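Engineer: Let me give you the structure first, and then I'll get to my questions.
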There are 2 protein chains.
Amino acid sequence: MQEFFVTVDLVVLTIREGRLEVLVVERKYPPFEGSWALPGGYVGPEEDLRDAAYRELSEETSIGAGVYLEQLGSYGAPWRDPRGRTVTIAWLALVPGMAEPTAGTDASDAAWRSVADFESGALPLAFDHGEILTDGIERARAKLEYSPLAAAFCPPEFTVGQLRAIYEAVWGTELDPRNFHRKVTRSPGFLEPTGRTSNVDGGRPAQLFTRGTLDVLNPPITRAGQL
Amino acid sequence: MQEFFVTVDLVVLTIREGRLEVLVVERKYPPFEGSWALPGGYVGPEEDLRDAAYRELSEETSIGAGVYLEQLGSYGAPWRDPRGRTVTIAWLALVPGMAEPTAGTDASDAAWRSVADFESGALPLAFDHGEILTDGIERARAKLEYSPLAAAFCPPEFTVGQLRAIYEAVWGTELDPRNFHRKVTRSPGFLEPTGRTSNVDGGRPAQLFTRGTLDVLNPPITRAGQL
DNA sequence: ACAATAGTGTCTCTAAGACATTATTTT
DNA sequence: AAAATAATGTCTTAGAGACACTATTGT
């Protein structure tokens, strides 16, 4: 009965300057020395999988509790790691835009890179991390449709305009501000008004909201068929 | 660096006599001797995860190629298996109703049991397989909404009535036959008419269809708000 | 004839998409 | 004043849900 190494790898996405970005680390030792890879590491002897993912996330960013973290899937092709038979459990984390990566404690320098660069081929990744990242991006894009998850990219209080910017960055589309406003404000439980306002973007001050308690958006926000 | 055992476990669902059923095996050795469990087993030294899942499925049922098989998730709580630190990759398989379980080649007797029994607590499962099955059932229910996956439960040619019975069995609801007919026949790519008809259920002969090429149903079939 | 199931059509209502208009701020 | 963004309202249309009605079989 074969024994395996088990790791967790993280697809950490954020929005910075209106772009969807991913956290990558530079590998300092072989294999793939000098390449970019997803952050991750070995699961501890008595550590739960989610705890391992959360620990790796804490080590690479300044992100604390309350981060959105969901399991993405497992990858275990026989030769995916030349050091030995390794199965990795990939996790998807969505973090607010102001999160800063931590300079590498464990043999890595972490940096935000744009997802557009990855998708154009300008950011090759070590191991099968390209496949994992592709799956993570698609998961995030799909989830925005039927869940209020976009708020996970936002600070605790945010405006409808900021929320719309999240959708536009993740989907790479433009959404009608008026229809979007109607949709999210009239979906009960999506947003909770705080009564406060913000005017950081110029123009009329916008109402500030916090995340509501809704967890499934029905009917969904569709990304097909709008320009 | 800890080494782990890695297994695959299968949530195999089917529809028999209008009921949603799950394939379970009786454990013949400790731990959990005599209990029911999900079918599964160890991943081979040079075996891909999907191949391992497919191999276990073939060993337990008469199902051949073309079965729908998707990864459900990984479960790796430290003490989930008393024999040692084990991570399992769970897979969801949907098989047509006539599939028969194979009497246990590897220390198990396989049987179909109704999901209703499981959900009422009448079918306790070994290890954390109850949690895995709960997740698998929910995944199947959710996927029927926005994918043409229900056809995976059907024989190669089927009627709209048979397809509707799948939805009703999986969701435990009743659907309006006329609205359902309109929905599935007017979703381009969902169904391909064969020109043939069937009248096994009495009444007017029904058109036979095969699965179409569609893979995402937009707009979805909703399970909320209909009786 | 009657029961059963298949299939079509019609009506209402919700919500998406397109877009006009007003409101409130900064420059 | 002009530009920018927020917020509300109107119109059209697609599609869900409810349900009447016709079609074609077996008993």
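The values are calculated or read from the model by the stated rules, or taken from the named source; none is laboratory data. Note that the structure is predicted; figures quoted are calculated from it, not measured. Glycine gets a Cβ as well: all are built from the backbone with ideal geometry, and neighbour counts include every protein chain shown. Note: areas computed on protein heavy atoms with side chains; ligands, DNA, RNA excluded. Shrake-Rupley method; radii C 1.70, N 1.55, O 1.52, S 1.80 Å.
Engineer: So what is the relative contact order of segment B:147-226, in percent, for Cα pairs below 8 Å that sit 6 or more residues apart?
Structural biologist: The normalised contact order for segment B:147-226 reaches 36 percent.
Engineer: Let me ask something else about it. Report the label-to-label distance for A:D135 and B:E70 in nanometres (one decimal), using points 7 Å from each Cα along the Cα→Cβ vector.
Structural biologist: About 1.3 nm separates the two model spin labels.
Engineer: Now for a separate question. To the nearest 0.05, how large is the calculated FRET efficiency for A:E174 and B:E33 if R₀ is 45 Å and r is the Cβ-Cβ distance? Present the calculation step by step, with values, prior to reporting the outcome.
Structural biologist: Details: r = 61 Å, r/R0 = 1.35.
Step by step, r from the Cβ atoms, then E = 0.15.
Engineer: What is chain B's relative contact order, in percent, from Cα pairs under 8 angstrom and six or more apart in sequence?
Structural biologist: Working: 401 pairs, mean separation 47.1, N = 227.
Contact order relative to length: 21 percent.
Engineer: Across segment B:174-188, in residue order, what do the Karplus-derived ³J(HN,Hα) couplings come to in whole Hz, using 6.51 cos²θ - 1.76 cosθ + 1.60 with θ = phi - 60° and x for Gly and Pro?
Structural biologist: 10, 10, 5, x, 6, 5, 5, 4, 4, 4, 6, 7, 9, 8, x
Engineer: With all protein chains present and a 1.4 Å probe, how do B:H129, A:H181 order by accessible area, largest first?
Structural biologist: A:H181, B:H129
Engineer: Amide H of B:Y68: which non-local residues (sequence gap of 5 or more, or other chain) have their own amide H closer than 5 Å, using H built in the peptide plane?
Structural biologist: Under 5 Å from the amide H of B:Y68: B:L94.
Engineer: Just to make sure I understand: if all protein chains stay in place, what is the order of A:D9, A:D48 by accessible area at 1.4 Å, largest first? Show your work: numbers first, answer last.
Structural biologist: Numbers: A:D9 10, A:D48 55 Å².
I get A:D48, A:D9, largest accessible area first.
Engineer: Would you kindly calculate the mean projected area, averaged across all directions, of the convex hull enclosing the Cα atoms of the protein assembly as shown, in square nanometres?
Structural biologist: On the way: hull surface 96.9 nm².
The orientation-averaged projected area of the Cα hull of the protein assembly as shown comes to 24.2 nm².
Engineer: Would you pull out the residues with amide H under 5 Å of A:D81's amide H, same chain only if 5 or more places away, H placed 1.01 Å from N?
Structural biologist: A:T86
Engineer: List the accessible area buried at the contact between B and A, summed over both sides and calculated with a 1.4 Å probe, in Å² to the nearest 100.
Structural biologist: Numbers: alone 11670 and 11690 Å², together 20980 Å².
Looking at B and A, the buried total is near 2400 Å².
Engineer: Right, something else. With springs connecting C-alpha atoms under 10 Å apart, model chain A as a Gaussian network and identify which of A:T213, A:T86, A:T14 has the largest mean-square fluctuation.
Structural biologist: Sorting by GNM fluctuation, first place goes to A:T213.
Engineer: What list of ³J(HN,Hα) values in whole Hz, one per residue of segment B:209-220 in order, does the Karplus curve 6.51 cos²θ - 1.76 cosθ + 1.60 (θ = phi - 60°) give from phi, with Gly and Pro shown as x?
Structural biologist: 10, 10, 5, x, 9, 4, 10, 10, 8, 9, x, x
Engineer: By how many degrees, between 0 and 90 and to the nearest 10, does the Cα long axis of helix A:160-171 differ from the longest principal axis of chain A?
Structural biologist: It is inclined by approximately 40 degrees.
Engineer: Let's test this: bin the Cα-Cα distances of segment A:1-43 at 5 Å from zero up to the farthest pair and state each bin's percent.
Structural biologist: 6, 19, 18, 22, 15, 11, 7, 2, 1, 1
Engineer: A follow-up question, please. Count, for each residue of A:43-50, the Cβ atoms from other chains sitting within 10 Å of its Cβ, then give me the mean as a whole number.
Structural biologist: 5
Engineer: Got a sec? Which residues of segment B:1-23 lose 20 Å² or more of accessible surface with every protein chain in place, vs. that chain alone, 1.4 Å probe?
Structural biologist: Residues losing area: B:M1, B:Q2, B:E3, B:F4, B:F5, B:V6.
Engineer: Convert each backbone phi in segment A:80-93 into a coupling constant with the Karplus relation 6.51 cos²θ - 1.76 cosθ + 1.60 (shift: θ = phi - 60°), then list the ³J(HN,Hα) values in order as whole Hz, x for Gly and Pro.
Structural biologist: Whole-Hz 3J(HN,Hα) from phi for segment A:80-93: 5, 10, x, 7, x, 5, 10, 10, 10, 9, 8, 10, 10, 10.
Engineer: Given a 1.4 Å probe and every protein chain left where it sits, what share in percent of the accessible area of chain B is carbon and sulfur?
Structural biologist: Working: 5400 of 10480 Å².
Its accessible area is 51 percent carbon and sulfur atoms.
Engineer: Pull up all non-local amide H partners of B:S74: gap of 5 or more, or a different chain, and H-to-H distance under 5 Å with H placed in the peptide plane.
Structural biologist: B:A90
Engineer: Then there's this: Could you give P(r) for chain B, binned at 10 Å from zero, as whole percent values over all Cα-Cα pairs?
Structural biologist: So the P(r) values, bin by bin, are 7, 31, 33, 19, 8, 1, 0.
Engineer: A follow-up question, please. What do you get when you divide the Cα radius of gyration of segment B:147-226 by 2.2 N^0.38 Å, with N the number of residues? Write down the numbers at each step before the final one.
Structural biologist: Details: Rg = 12.0 Å, N = 80, 2.2 N^0.38 = 11.6 Å.
So the Cα radius of gyration is 1.04 times the expected 2.2 N^0.38 Å.
Engineer: Can I ask one more? Specify the residue with the greatest mean-square fluctuation among A:P124, A:P96, A:P39, computed from a Gaussian network of chain A linking alpha-carbon atoms under 10 Å apart.
Structural biologist: A:P124
Engineer: Using a Gaussian network model of chain B whose springs link C-alpha atoms within less than 10 Å, name the residue from B:R50, B:R178, B:R27 with the highest mean-square fluctuation.
Structural biologist: B:R178
Engineer: Say R0 is 35 Å: what FRET efficiency, to the nearest 0.05, do A:R182 and B:E59 get from their beta-carbon distance? Working shown, then result.
Structural biologist: Values: r = 54 Å, r/R0 = 1.54.
Here the calculated transfer efficiency is 0.05.
Engineer: Let me have the 222 nm mean residue ellipticity of chain B computed from DSSP H runs of 4+ only, each contributing -39500 (n - 2.57), with the sum over all residues rounded to the nearest 500.
Structural biologist: On the way: 5 runs with 56 residues, N = 227.
About -7500 deg cm²/dmol.
Engineer: For the protein assembly as shown, what does the accessible surface come to per residue with a 1.4 Å probe? Please give it in Å².
Structural biologist: On the way: 20980 Å² over 454 residues.
On a per-residue basis, 46 Å².
Engineer: While we're on this one: Give me a single rounded figure for B:69-76: the average over its residues of other chain Cβ atoms within 10 Å of their Cβ.
Structural biologist: Numbers: counts 0, 1, 4, 3, 7, 12, 4, 11.
Shielding by partners across B:69-76 averages 5.
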